[in-house]
Amino acid sequence: MKILLIEDDEAVATTIVESLLAQRHLVNTAGKGETGLELAKAYEYDLIVLDVGLPDLDGISLCRELRAQGYQVPILLLTAYDSSSDRVSGLDAGADDYLVKPFDLEELLARIRALLRRKNQALSPMITYGALRLDPGAKEFTYNNTLLRLTPKEYQLLELFVMNPRRVFSRGVILDRLWSMDEFPGEETITAHIKSLRQRLKAAGAQPSLIETVYGLGYRLQSPEKFESSSALSNRSDTVTALTASTVTVSEDRTQQAVIAIQALWQKFKAGFLAQVKVLEEVGIAADTNQLTTELLYKAKQDAHKLAGSLGTFGHDEGSRLARDIEILLQSETTLCSAKTQFLELVQTLHQELDNQPSIQLNFSQDTQPNPLHTDSARTKHHVLLIDDDVTLTQQISQAATHWHWHVQVASNPTSARTLLAQHHPDVILLDLTFSDSTEDGLTLLRQLAQQMPMIPVLIFTGRGSLSDRIEAAQLGGRAFLQKPASLEQIFNTVTQVLEQAQKNEAKVMVVDDDPSILETIGHLLAPWGLDTIPLADPEQFWEVLATTCPDVLIMDIEMPKINGIQLCQVVRNDPQWAKLPILILSAHTDAETRRQVFTVGADDYVQKPIVEPELVVRVINRIERSQIHRQFAKRLAYAQSSASIPEKTHEAKT
């Protein structure tokens, strides 16, 4: 785990750091509050240990500021103040725990372990991933019950993968997560550690491909079913084999769809690109004849920047490189005039490059294909809550469910249903309207579900079929009305339709860029993977569109007229409602200072133009999946907190 320690007492800080390192944690330290605040914003941590009495920005204010920006990482306060009012102030500021100095080191470590467990409360004490098992308390990994003897860095690396299954980590991100700021290893260090870790896993009986290389992107842990033993694989049914082959075909189809779409867009925008090159040619002529105006130079800068960011996306990598060289020469009139010949040659070469047919390739291999967010409902394991007191019918559906890839839970009345819903959220609910052992009408529960859990589709499945029942069910948000008796095939088909409709266009990506070619390209690129894009070319309309569409991920360019992407990112992070919205910044800039600014204002990721299509798809889908997990957990928690009051409300309604 990666921990940020903000403590100005060097002796205390050294003691804590040594103890945490012995526990195989990675620790970054800061002696001032302002420095700690910048680190917390710029890097991703699992926990912050924060002293209250800092010389500049005190710990209480720092904690309050982080929480105001939507920062969710656990914070443990350390202080020499022992009064109850001080403890209340710290907890009210958003701290998760509070420890008074002088403290017992073992108690501090125990509190840290407790906060880290709470952060990952969805995980069991023993974390199992196929045959790989992590014991967080003992800081040990085993594979098929064989202890893996790992170095501290190898342990941290494998822990990072296990705690973030299926997430792709680039070498740069791994360096950021596992090495402290005063260490500067090269990316070849990651390659060496991955190789060593694979050898240790192989020695314990694991396949070397357990740690998978996602070419061009980084590394991730393969799904457990992919590294099962060959004997287990040979026992799989022909149906599963056929399904796997079908899945590969579907992924190939999506890739081909994206390629065809980008080829069509190239034909659409080629004339616009050539018009931008013509502006560059006019600048060269104007500079050569001493007729260059400020307006023309500004226009040329904008066009060169857009060409540098766009052409590579359409397969013209050399075109992007040429445009970037041209952009550098356009930084000032003095620079341009001193290199007029070179400038004209670059523009001429760029024009010739655009006359060539672009080479558009999306290099997804079978193992690196990102999973679409919306898959065929018939092939996905769905959780179904059946609220019905007909024992014979519920048994028939439960038996058939294994063939339908359903996991069915049965509640015989609304009260039992509320108990199950407080524990787990199903993908769909089948709700009868009448119950023999309850006076409560199913429509009452439907009304409460519509208010408190609108994201779960509800299908009415009942013997009551009056027009008034159908109207009321539709008004309360019922997704379908199926009257008994119905065949198992009818039930399956209706539920499948409801699930597909509920999943359709579920994930939305808002893209803010003043370049229409980028907007359309990203839209066509993400569509085959089940993503809706919301394009916005005018950043001045940003807030209105954001509030109206409520996207799952935000992609923004930096260079835009009037308002740039860094400013917009800062605005989003300062708003409590949107503080946790994943933000990816696009830019053709390659300098370290731009990257520093991007992460300082709170962006989650940085994607360099020209866009590498497979990389963008993987990054966007990874962000959406994480965002949806957090959102589902928050809704589940909100429902669990409110569900205790539902029976009382129902009782009051009946009296």
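Quick note: the coordinates plus some simple rules give every number you see, no bench work behind them. It should be emphasised that the depicted structure is a prediction, and the values quoted were computed from it without experimental measurement. When we count neighbours, we look across all protein chains shown, and the Cβ atoms used for this are built from the backbone with ideal geometry, even at glycine.
Would a scan of region 70-79 turn up a residue that is of a type in the set (S, T, N, Q) and under 26 Å from the mean Cα position of the chain (by Cα)?
yes
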Selection count, region 12-34, where residues are part of a helix (DSSP H, G or I), surrounded by 15 or more Cβ atoms within 10 Å (Cβ to Cβ) and in contact (Cβ under 8 Å) with a residue 24 or more places away in the chain: 5
Every residue from region 412-437 that is part of a loop (DSSP other than H, G, I, E, B), surrounded by fewer than 17 Cβ atoms within 10 Å (Cβ to Cβ) and over 32 Å from the mean Cα position of the chain (by Cα): 434, 436, 437
Subset of region 38-83 (residues that are out of contact with any helix residue (DSSP H, G or I) (no Cβ under 7 Å at 6 or more places or on another chain), free of Cβ contacts under 8 Å to residues at least 40 places away in the same chain and assigned to a loop (DSSP other than H, G, I, E, B)): 80, 81, 82, 83
Criterion: within 23 Å of residue 490 (Cβ to Cβ) and either surrounded by fewer than 21 Cβ atoms within 10 Å (Cβ to Cβ) or among the aliphatic types (A, V, I, L, M) (or both) - qualifying residue of 409, 451: 409
Meets criteria (closer than 30 Å to residue 407 by Cα and within 20 Å of the chain's Cα centre (by Cα)) for residue 575: no
Test: residue in region 590-604 that is surrounded by 16 or more Cβ atoms within 10 Å (Cβ to Cβ), in a helix (DSSP H, G or I) and small (Gly, Ala, Ser): no
Failed item, numbered, when residue 545 is tested on (1) within 16 Å of residue 514 (Cβ to Cβ); (2) buried (at least 21 other Cβ atoms within 10 Å of the Cβ); (3) of a type in the set (A, V, I, L, M, F, W, C): (2)
Search result, residues across region 280-292 that are outside any loop (DSSP other than H, G, I, E, B) and over 22 Å from residue 587 (Cα atoms): 281, 282, 283, 284, 285, 286, 287, 288
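Among the residues of region 1-11, write down those that are acidic (Asp, Glu) and part of a helix (DSSP H, G or I). Give the steps one after another, and end with the answer.
Applying the first criterion (acidic (Asp, Glu)) to region 1-11 yields 7-10.
Across region 1-11, the qualifying residue is only 10.
Does residue 476 satisfy being of a type outside the set (Lys, Arg) and either crowded, with 18+ Cβ neighbours inside 10 Å or within 30 Å of the chain's Cα centre (by Cα) (or both)?
On the way: of a type outside the set (Lys, Arg): yes; either crowded, with 18+ Cβ neighbours inside 10 Å or within 30 Å of the chain's Cα centre (by Cα) (or both): yes.
It is true that residue 476 is of a type outside the set (Lys, Arg) and either crowded, with 18+ Cβ neighbours inside 10 Å or within 30 Å of the chain's Cα centre (by Cα) (or both).
Hey, does region 293-316 have a residue that's within 39 Å of the chain's Cα centre (by Cα) and not in a helix (DSSP H, G or I)?
Here is the first cut: in region 293-316, the ones within 39 Å of the chain's Cα centre (by Cα) are 298-316.
Filter again for not in a helix (DSSP H, G or I), leaving 315-316.
Yes.
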